[in-house]
Amino acid sequence: MTSTLFTPFKLNDTLTLANRFVMAPLTRCMAGPGLVPTEQMAAYYGRRADLGLIVTEAVIIRPDGQGYPNTPGLFTPEQIQGWRKVTDAVHAGGGKIFAQLWHVGRLSHPFFHQAEVLAPSALAHEGTVPRMRELTYQVPRALTVPEIEQLVRDYAQAAANAIDAGFDGVEIHGANGYLIDQFLHHDTNRREDNYGGSPANMARFALEVVDAIAARIGGERTGLRLSPGAYVHLKGDPRDRAVFDHLLGELDNRTLAYLHVGIFDDALTFDYLDGRASDYIRAHYRGTLVGVGQLTPESADEAVSSGRFDLVAIGRPLIANPDYVQRVRSGAELVPYSEALLPQLV
Ligand code: FNR
Ligand code: 8K6
């Protein structure tokens, strides 16, 4: 296949990507003791260095941000050392790599850290932790304002740690119903202070995290993933539209590396967004947009050629095909993804 997808993309003055393919962030739950990245993880990411950009699996910024077993961290010296092996492996292959910074908010459980579960409001997610079905999600405690300020500092510190570990930048995980997204939707944010109630208040935490990280490592090295269309871990509300209108308007005036849609299927539509989440973001944000969700080489090519996205993130097919880019380029068949592949890092 020959296509725009194989042409370089200048992300900004400091970063040029070799092609338009981005490895979507994919949690694999394979960190070692102390939530330290392993040699196997370095080899796994290294095998994918021919992607234009790799976004790592979500990485927790501090202990109470954890919601699943063995998800790697970026808050101890050992974790930073472990990530350095990963970034070295990717750079040795000529690739670029961003760390996805994560706090799960109410989707955490004291099982992981023996501390309280914190969230914008004291509203539990119904259900149990995946793969650990005996752990029922708890009612979180609503964050105090000083605790929110501390979280913003902790995100910025994790971003600085990422640069120390050799990453080219970070992607803030503001999607999929985790902490930042919990502030952005009415279903999970019932606050009555400066962080709730109005669109500007509900968008405040996300913008404070963006600004703190950009001040620390540079906006051109900072990406953000957002789910304006609620589809997992929380419910959408027509009033959420105004929150994202405000947020995207603010982001449009800032320097960022890119925005990335958080979704499992780009074809999903949302009444309150008048269609697809990706088209909604494109209409409200002039910077670089990364699309994702059930994209095939053909639909990705079509989306980039028609200007719907600038870059295309590929998730599940990359779990099954470390040599995805090569296969697509040469027209070789792809190994189909299946959940049976998850327990190993191919
Ligand atoms: C994901 N996804 C995801 N998203 C994210 O922002 N951070 C993460 O850590 C993860 N982890 C993760 C693990 C697994 C096993 C899957 C299948 C998905 C979502 C992922 O980035 C992507 O948006 C979706 O998989 C849709 O793209 P594909 O798979 O259809 O190309
Ligand atoms: C085991 C840890 C995995 C954590 C990362 C997220 C993985 C998937 C989470 C939920 C998947 C729900 C998908 C719902 C999609 C509906 C779209 C039609």
Has segment 214-237 got at least one residue that is free of Cβ contacts under 8 Å to residues at least 12 places away in the same chain, open to solvent by 20 Å² or more (accessible area, probe 1.4 Å) and among the charged types (D, E, K, R)?
no
Filtered residue count, segment 22-40, keeping only those that are within 20 Å of the chain's Cα centre (by Cα) and either closer than 22 Å to residue 174 by Cβ or outside any strand (DSSP E or B) (or both):
12
Name the single residue, out of those in segment 1-59 being charged (D, E, K, R) and within 16 Å of ligand 2 (Cβ to nearest atom), that is farthest from residue 342 (Cα to Cα).
57
Verdict on residue 326 being within 16 Å of ligand 2 (Cβ to nearest atom), closer than 19 Å to residue 51 by Cα and not hydroxyl-bearing (Ser, Thr, Tyr):
no
Taking segment 130-145 and keeping only residues that are open to solvent by 40 Å² or more (accessible area, probe 1.4 Å) and assigned to a loop (DSSP other than H, G, I, E, B), one is left with 130, 131, 138, 139, 144
Neighbours by Cβ (under 7 Å, 6+ apart or cross-chain): first from segment 159-177, of a type in the set (S, T, N, Q); second within 15 Å of ligand 1 (Cβ to nearest atom):
161/74; 176/227; 176/232; 176/233; 176/262
Among the candidates 127, 177, 166, which residue alone is exposed (fewer than 15 other Cβ atoms within 10 Å of the Cβ) and at positive phi?
127
Over segment 37-84, the set of residues of a type in the set (S, T, N, Q) and open to solvent by less than 10 Å² (accessible area, probe 1.4 Å) is 56, 71, 79
Residue list for segment 249-260, filter: among the hydrophobic types (A, V, I, L, M, F, W, C) and in contact (Cβ under 8 Å) with a residue 40 or more places away in the chain
251, 256, 257
Could you list, in sequence order, all residues of segment 85-105 that are among the aliphatic types (A, V, I, L, M), more than 21 Å from residue 220 (Cα to Cα) and either within 16 Å of ligand 2 (Cβ to nearest atom) or open to solvent by 50 Å² or more (accessible area, probe 1.4 Å) (or both)?
92, 104
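Is at least one residue of segment 260-270 at pLDDT 95 or above and farther than 21 Å from residue 185 by Cβ?
Residues of segment 260-270 that are at pLDDT 95 or above, as a first pass: 260-270.
Filter once more, keeping what is farther than 21 Å from residue 185 by Cβ: 267.
For segment 260-270, residues at pLDDT 95 or above and farther than 21 Å from residue 185 by Cβ: present.
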For segment 294-320, give me the residue count where each residue is within 12 Å of ligand 1 (Cβ to nearest atom) and surrounded by 22 or more Cβ atoms within 10 Å (Cβ to Cβ).
7
Quick one: would you say residue 271 is open to solvent by 30 Å² or more (accessible area, probe 1.4 Å) and farther than 20 Å from residue 16 by Cα?
yes
Got at least one residue in segment 266-284 being within 11 Å of ligand 1 (Cβ to nearest atom) and more than 21 Å from the chain's Cα centre (by Cα)?
no
Close pairs from segment 42-61: first on the phi < 0 side of the Ramachandran plot, partner of a type in the set (Ser, Thr, Tyr) and surrounded by fewer than 21 Cβ atoms within 10 Å (Cβ to Cβ), Cβ under 7 Å, at least 6 apart
57/27; 58/27
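Among the residues of segment 171-183, is there at least one that is away from ligand 1 (no atom under 16 Å from the Cβ) and modelled with pLDDT of 95 or more? So that I can check it myself, show each step before the final result.
Within segment 171-183, the first condition is being away from ligand 1 (no atom under 16 Å from the Cβ), and the residues that meet it are 183.
Checking which are modelled with pLDDT of 95 or more leaves us with 183.
Checked segment 171-183: at least one residue is away from ligand 1 (no atom under 16 Å from the Cβ) and modelled with pLDDT of 95 or more.
Any residue at all in segment 101-112 that is in contact with a Lys or Arg (Cβ under 8 Å, 6 or more places away or on another chain) and either touching a residue at least 24 places away in the same chain (Cβ under 8 Å) or assigned to a helix (DSSP H, G or I) (or both)? It would help to see each step written out before you state the result.
Residues of segment 101-112 in contact with a Lys or Arg (Cβ under 8 Å, 6 or more places away or on another chain): 103.
If we keep only those that are either touching a residue at least 24 places away in the same chain (Cβ under 8 Å) or assigned to a helix (DSSP H, G or I) (or both) as well, we get 103.
For segment 101-112, residues in contact with a Lys or Arg (Cβ under 8 Å, 6 or more places away or on another chain) and either touching a residue at least 24 places away in the same chain (Cβ under 8 Å) or assigned to a helix (DSSP H, G or I) (or both): present.
The values are calculated or read from the model by the stated rules, or taken from the named source; none is laboratory data. Because the structure is a prediction, the values reported are computed rather than measured. Cβ: placed from backbone, ideal geometry, glycine included. Neighbour counts: every protein chain shown. Areas reflect the complete protein model, heavy atoms only, side chains present, ligands, DNA and RNA absent. Shrake-Rupley method; radii C 1.70, N 1.55, O 1.52, S 1.80 Å.
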